[in-house]
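Accompanying notes for the structure given below.
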Amino acid sequence: MIHLTLIIVDFLTGLLAAGAWALASAGGAIAAMVGGGALGVTLFRRWRRRDGS
């Protein structure tokens, strides 16, 4: 009975760790896309301002 409990706890801990890792990597990808978009907009505005002057 103790062994079964340990297996279940270990399984749930593994699921939690995998979920946290997936969330962190998805968050990193989203942050990279948002950061890249913001950088692109900034560069485009600078280029447009320089070109218009």
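The values are calculated or read from the model by the stated rules, or taken from the named source; none is laboratory data. Predicted model, so just to flag it, every value in this text is computed and none were measured. As a convention, Cβ positions derive from the backbone with ideal geometry for all residues, glycine included, and neighbour counts pool all protein chains shown. Protein only, heavy atoms only, side chains kept; ligands, DNA and RNA dropped before computing areas. Shrake-Rupley method; radii C 1.70, N 1.55, O 1.52, S 1.80 Å.
Quick one: angle between helix 2-52 and the longest Cα principal axis of the chain, in degrees between 0 and 90, rounded to 10, please.
Rounded to the nearest ten degrees, it is 0.
Per residue, what accessible area does the chain have, given a 1.4 Å probe and all protein chains present, in Å²? Could you put the intermediate results ahead of the total?
Details: 4920 Å² over 53 residues.
Heavy-atom accessible area per residue stands at 93 Å².
Students often get this wrong, so try it: which of [x] 11.5; [y] 14.7; [z] 17.1 is Kirkwood radius over Cα pairs in Å as calculated from the structure shown?
Label [y] holds the value from this structure.
Note down the nm distance, to one decimal, between modelled labels 7 Å out along Cα→Cβ at Ala26 and at Ile8.
2.7
Calculate what fraction, in whole %, of the accessible area of the chain sits on carbon and sulfur atoms when a 1.4 Å probe is rolled over the protein chains.
Details: 3660 of 4920 Å².
In the chain, the share of accessible area belonging to carbon and sulfur is 74 percent.
Within region 4-27, name every residue whose backbone N is under 17 Å away from a label modeled 7 Å from Cα of Met33 along the Cβ vector.
Backbone N within reach: 22-27.
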